[in-house]
Amino acid sequence: GTKWATSAPQLVTASGGAAFSTILQEGFNSAGVPAGWSTTIAPAGAAPGAFTLRPNNYSTAGYTFRSNDMTQFYLANSNATGAAYNTTIVTPAINLTGYTSATLSFYHFYLPFSGDSVEVQWSATGAPGNAGWNVLWSHKITQLGTNTNFVLRNVDISARAGFATTYFRWRFVGDDDF
């Protein structure tokens, strides 16, 4: 099935005038979900495919995963569910007031199969479900990176620069085609 792994750094940088700042940086190197972050899975019975922290050199279904910085990472694995599902990782609220441009950077690996997709989305409220979430970047068809060489993705989030509250999430939709 499809696999999508994302690892350190989850980085939001912003600039406005002469200022350049790192607004958020999360390496996912602590136990459990970081404070202020959340993960979701729907339906609940698809929990085995949910974004889950995995150690570097984690192996499943014939793949061994090595993150870009050789530390733990989140993995969503549609092969583990046996059914269609979606899973997300959501940031805490991010304040981009006073900035005129911003970028979200992350490393990832995506191995696609029919019907699967990955997205980076934003919301002003962070509400659960899919209402109010807007797609910033999406991908469906081709492999991105490898299980031993995650690729860096920089997503322009400047449309949210100047706003006091924005949530970002990584959304994986899988249907167990493996």
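The values are calculated or read from the model by the stated rules, or taken from the named source; none is laboratory data. Treat the numbers as computed from the prediction; the structure is a model and nothing was measured. Don't worry about glycine lacking a Cβ; one is built from the backbone with ideal geometry, like all the others, and counts go over all protein chains shown. Each accessible area value is taken on the protein alone, full model and side chains, heavy atoms only, with ligands, DNA and RNA left out. Shrake-Rupley method; radii C 1.70, N 1.55, O 1.52, S 1.80 Å.
General observations
- Cα gyration tensor shape for segment 14-87, rounded if a/c is under 1.5, else prolate or oblate: prolate
- Binned Cα-Cα distances of segment 48-117, short to long, each 5 Å bin given as a whole percent: 3, 12, 21, 22, 16, 11, 8, 5, 2, 0
- Note that segment 58-63 has calculated 3J(HN,Hα) couplings of 5, 10, 7, 6, x, 10 Hz, one per residue in order, obtained from phi through the Karplus relation 6.51 cos²θ - 1.76 cosθ + 1.60 (θ = phi - 60°); glycine and proline are x.
- Segment 103-178: C-alpha gyration tensor shape, a/c 1.5 cut-off, then a/b vs b/c: oblate
- The spread of Cα positions in the chain, taken along each principal axis and listed from longest to shortest, comes to 49, 34, 31 Å.
- Principal axis dimensions, segment 125-166 - Cα atoms, whole angstrom, descending: 37, 24, 16
- Per residue solvent-accessible surface (Å²) - segment 79-128, probe of 1.4 Å: 34
- For the chain, a Gaussian network of Cα nodes joined below 10 Å ranks TYR110, TYR58, TYR74 by mean-square fluctuation, and the top entry is TYR58.
- Once both labels are positioned 7 Å from their Cα atoms along Cα-to-Cβ, the gap between THR148 and ASN130 label points is 3.7 nm.
- Counting protein heavy atoms only, the chain has 52 percent of its accessible area on carbon and sulfur, 1.4 angstrom probe.
- Alpha-carbon centroids, segment 73-97 and segment 111-148: separation in whole Å: 9
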